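Working notes for the structure below.
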Amino acid sequence: MCRFIIIMLIAVIPNLSTAQNADINLLKKINGWDGKGMKNFSKIMSQSETYLTFSIPVGVALIGLFTDQTEHLEKAVTISFSIIGTLALTQGLKYAVRRTRPYNKYPDDIIQRNNSDSPSFPSSHTSMAFTVATSLSLEYPKWYIITPAMLWAAGVGVARMNQGVHYPSDVLGGALLGAGTAYLSYKMNKWWRKKQKISRTSIAVLQAY
């Protein structure tokens, strides 16, 4: 899965210019949804990313503290690591690619409904939303968690396009990056927990002798 995500990211970056027509045409359609309900939806979804990204791992940690279940604390750490990793990779890619925001490149075609000063690719809101949604889905693999989490992450991506601040390829790149980082963080932490468990077992056996 990780290899697939890396390959997809590599494929997206060099083809940004060749896919520009399809990219901008799809963006125009989504950006053109200018009903009051849609604009409010986009505003709420865009703002929710910041609040939920940082409140969810805190909430999971609090559940662990109040219920005295260390597994929730470990899950909170894993989610936090994926968020930190995604943030670092996203910002690094933004300034490596330095793609111009669509409302700046196509001021006559794209309506700007939000302010963003950083480069466009990949969408940081989308990458953060997908890293949280993927982390939650991996740590708590229940349909009633996976479905709303993924719908929320997808909604953030659509909102950013409706606001005119990202191309569809920015959102796709962000989604792949966020999901990939969450998956890698999950696997690494799972490996670390297993290693720690084996170490504790080995120490206990040695002490017994």
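Report, ordered by the first and then the second residue, all pairs with beta carbons closer than 9 Å, sequence separation of six or more or different chains, a first member in segment 148-173 that is of a type in the set (Lys, Arg), and a second member that is at pLDDT 95 or above and part of a loop (DSSP other than H, G, I, E, B).
Arg160/Ser123; Arg160/His166
Scan segment 117-133 and report the pairs whose first residue is in contact (Cβ under 8 Å) with a residue 12 or more places away in the chain and closer than 21 Å to Asn104 by Cβ and whose second residue is part of a loop (DSSP other than H, G, I, E, B) and basic (Lys, Arg), with Cβ atoms within less than 7 Å and a gap of 6+ or a chain change.
Cβ pairs passing all conditions: Pro119/Arg98; Pro119/Arg99; Ser120/Arg99; Ser120/Arg101; Phe121/Arg99.
Out of all the residues in segment 107-130, is one or more basic (Lys, Arg), touching a helix residue (DSSP H, G or I) at 6+ places or on another chain (Cβ under 9 Å) and over 17 Å from Lys39 (Cβ atoms)?
Checking segment 107-130: not a single residue is basic (Lys, Arg), touching a helix residue (DSSP H, G or I) at 6+ places or on another chain (Cβ under 9 Å) and over 17 Å from Lys39 (Cβ atoms).
Show the residue pairs that are 6+ apart or on different chains and have beta-carbon atoms under 7 Å apart, the first residue being within segment 21-33 and closer than 17 Å to Thr100 by Cα, the second being among the charged types (D, E, K, R).
Lys28/Asp109
What pairs come up if the first residue lies in segment 97-110 and is within 10 Å of Asn31 (Cβ to Cβ), the second is of a type in the set (D, E, K, R) and in a helix (DSSP H, G or I), and their beta carbons are under 9 Å apart, counting only those six or more places apart or on different chains?
Sorted first by the residue in segment 97-110, then by its partner, the pairs are Pro102/Asp23; Pro102/Asp170; Tyr106/Lys28; Asp109/Lys28; Ile110/Lys28.
How do the pairs read when you match residues in segment 41-56 that are farther than 12 Å from Ala129 by Cβ with residues anywhere that are in a helix (DSSP H, G or I), using Cβ under 6 Å and keeping only pairs 6 or more apart or on different chains?
Qualifying pairs under 6 Å: Ser42/Ala159; Ser42/Asn162.
Do we find a residue being in a helix (DSSP H, G or I), within 23 Å of the chain's Cα centre (by Cα), closer than 19 Å to Pro102 by Cβ and among the aliphatic types (A, V, I, L, M) anywhere in segment 46-64?
no
Name the residue that is surrounded by the fewest Cβ atoms within 10 Å (Cβ to Cβ), counting only residues in segment 134-147 that are in contact (Cβ under 8 Å) with a residue 40 or more places away in the chain and of a type in the set (S, T, N, Q). Quick ask: steps written out before the conclusion?
At the first step, the residues of segment 134-147 found to be in contact (Cβ under 8 Å) with a residue 40 or more places away in the chain are 134-136, 138-140.
Narrowing further to those that are of a type in the set (S, T, N, Q): 134-135.
Working: Thr134: 26, Ser135: 31.
Among residues in segment 134-147 that are in contact (Cβ under 8 Å) with a residue 40 or more places away in the chain and of a type in the set (S, T, N, Q), the one surrounded by the fewest Cβ atoms within 10 Å (Cβ to Cβ) is Thr134.
Applying the selection to segment 88-144, what residues are part of a loop (DSSP other than H, G, I, E, B) and small (Gly, Ala, Ser)?
Selection gives Ser116, Ser118, Ser120, Ser123.
The values are calculated or read from the model by the stated rules, or taken from the named source; none is laboratory data. Since the model is a prediction, treat every value here as computed from it, not as a measurement. Every residue, glycine among them, receives a Cβ derived from its backbone with ideal geometry; neighbour counts consider all protein chains shown.
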